[in-house]
Structures are given as C-alpha cells and as structure tokens.
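The values are calculated or read from the model by the stated rules, or taken from the named source; none is laboratory data. Small disclaimer: the values here were computed from a predicted structure and weren't measured. Note that we place each Cβ from the backbone using ideal geometry, even for glycine, and neighbour counts take in every protein chain shown.
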Amino acid sequence: MLTHCRPLLGTFVEISVPPDATAALEAGFAAIARVQACMSFHEETSDLARLRRAPPDTAVEVAPETAEVLRIALDLHGRSGGLFDVTVGRELMRDGFLPCPPGSRLRRYSGDSRDIEILGERLVRCRRPVLIDLGGIAKGYAVDQAIGALRDAGAEQGLVNAGGDLRMFGPFTWDIAFRDADESVREIVAFADCAIASSANLLNRRRRLGRLRTPHIGIGRKPVAHPGRVTVVADRCVIADAMTKIAMAAPDLAERLLTNHDGYLMFEAPRRTAA
C-alpha cells in the first residue's frame, strides 16, 4: 500500500491505496476538503458559521452534504432520547473546548437539536439560535465521502484515517493499533472492510467554577467523564464516530442502536495491578 498524508479536519488525514490506484488519492482528499469547507466550526465562511449568524426562523441555504449530516444527527438525537445533540457548542465554548467566534454571545444560543429543521435538500432553518458543532460526526462523514471518491476513481481497496476515525474497504486486512485513554498502545487487532472510531477524555479535562468539565456532553448537558477508551466498529464512519459519543454516556443504548449498523463496542482492557 502507498500512503499519503495531508493536514485536514484539524488533524492529519492519511489515505492508503495500492500503487496502481494513486490517481484516486486526489479525489479522496478533495472529498475531505469539501466537507471541511462546509462544516468547519472555525471557518467563518462555512455553513455552520452562516447558520449561527442567521436570525431565528430564517432559512439558510447549505451544501447538500451539510444537510445530510444534519439529518443523520437529528435522527440519532431522536433515537438516543436526546443524548446525541450537535447543539452543545455553547457548552464546549463555555468550558474552553471550542474557540468563541467573533461577536458570539453564549446566552443568545438557547436552542437544541429540536429547533433545527431540514427543508428539502439544501435549506436549514433554526427556530431558536443554536451553536451547532458537527465535530467528530462531520469527520466520520468526510472519511465515508473519501471512501466513496476512491471507489469512484477506480481504487479496489484502501483505507482512510482522519485522526483515528478510519474506514477501510476491499479484501486487504489491516492491523489497527488502539491508543488507550492514557495515550499508551496496548492492543492491536486485525480488521477488514469496516469503519472504526474511538473516544476518550481522561487527558482532556479541566475545572471551571470548581466543577469537572469534559468535551463529551451527556443527558441534561452535563459533562461525561469516562475512565477509558471507547471504540465503535460499524458499517459507516459517520455512525461509528457518533456512537462513541453515545457509548461514553450510555453503552447499553449504543449497543442497541448499533444493531442496525452491523456494529459493536470495544472498551479499553482493564489494567492489571501487581499483587
């Protein structure tokens, strides 16, 4: 396999294909760059930036890809009883996990996913102001888009890895090393033709006003402090990434939801202590 790497999606993206399919690499990276342009929380020209600037009840034209990811997010919001919510940008900004865009006042953003309406293929309306952060789910979607682009360009097998959100296709078997919550690699497992995503926050926590804060938000918009790594294997990377957020707070619920996606959970192995 031949691997190329580029900085995209706030991380490093690696695409691996056979030497006879190198012409497909550009198509894969272009698909990821398009998702970044549409769904970046940080870029003021992105669809998310225009949605947060729009007055309430205003229909905003977005890319079809953005509308598709929002549909997936709203479906997961409903199926998870509100646990999966992409409007937690307010909490993530408040706690310092996301930067504050110019002119943003946190008190203004009082809505949640129930306030988002998808109107057709390209229009989105928010009944109340919301701070949408597609974050990992957009990264997973970008990986899926890149896989589709590689196949369309003639690649018969390959792998896309966007900072740990990865998906592979074809008959080739890949040895995947899992980085645990403390950044140590203790487990390597062989996989083929699936998507994988992992989450952890042991080393990404802080205190604000005397309370523990994490980048994972659960029911009641309360931070989730999980002791180890959670890994999801699924049919699509967008689902694998989203399900890691649910599994951090409610693993049994994630297991049930994954039955529709040929998926399952893997947890960091417990530590053994010396006698």
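Structure values in brief
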item	result
Those residues of the stretch 208-220 which are touching a residue at least 40 places away in the same chain (Cβ under 8 Å), in contact with a helix residue (DSSP H, G or I) (Cβ under 8 Å, 6 or more places away or on another chain) and within 27 Å of residue 162 (Cβ to Cβ), in sequence order	215, 217, 218
Given (1) more than 14 Å from the chain's Cα centre (by Cα); (2) outside the structural domain of residue 127 (by TED's automatic domain parsing); (3) surrounded by fewer than 21 Cβ atoms within 10 Å (Cβ to Cβ), number of the condition residue 81 does not satisfy	(2)
Extreme residue, farthest from residue 192 (Cα to Cα), among residues of the stretch 148-167 that are of a type in the set (D, E, K, R) and either surrounded by fewer than 17 Cβ atoms within 10 Å (Cβ to Cβ) or not assigned by TED's automatic domain parsing to the domain that holds residue 191 (or both)	152
Verdict on residue 265 being within 19 Å of the chain's Cα centre (by Cα) and not in a strand (DSSP E or B)	no
Residue count, the stretch 11-27 (criterion: within 14 Å of residue 143 (Cβ to Cβ) and exposed (fewer than 14 other Cβ atoms within 10 Å of the Cβ))	2
Selection count, the stretch 24-48, where residues are of a type outside the set (A, V, I, L, M, F, W, C) and either under 19 Å from residue 118 (Cβ atoms) or assigned to a helix (DSSP H, G or I) (or both)	6
Residue match in the stretch 192-202 (condition: over 16 Å from residue 146 (Cα atoms), assigned to a strand (DSSP E or B) and either aliphatic (A, V, I, L, M) or assigned by TED's automatic domain parsing to the domain that holds residue 12 (or both))	yes
The stretch 160-182, residues that are among the aliphatic types (A, V, I, L, M) and part of a strand (DSSP E or B)	160, 162, 166, 168, 176, 177
Residue satisfying all of: in the stretch 49-69; in contact with a helix residue (DSSP H, G or I) (Cβ under 7 Å, 6 or more places away or on another chain) and assigned to a loop (DSSP other than H, G, I, E, B); surrounded by the fewest Cβ atoms within 10 Å (Cβ to Cβ) among these	63
The one condition in (1) in contact with a helix residue (DSSP H, G or I) (Cβ under 7 Å, 6 or more places away or on another chain); (2) modelled with pLDDT of 95 or more that residue 136 fails to fulfil	(2)
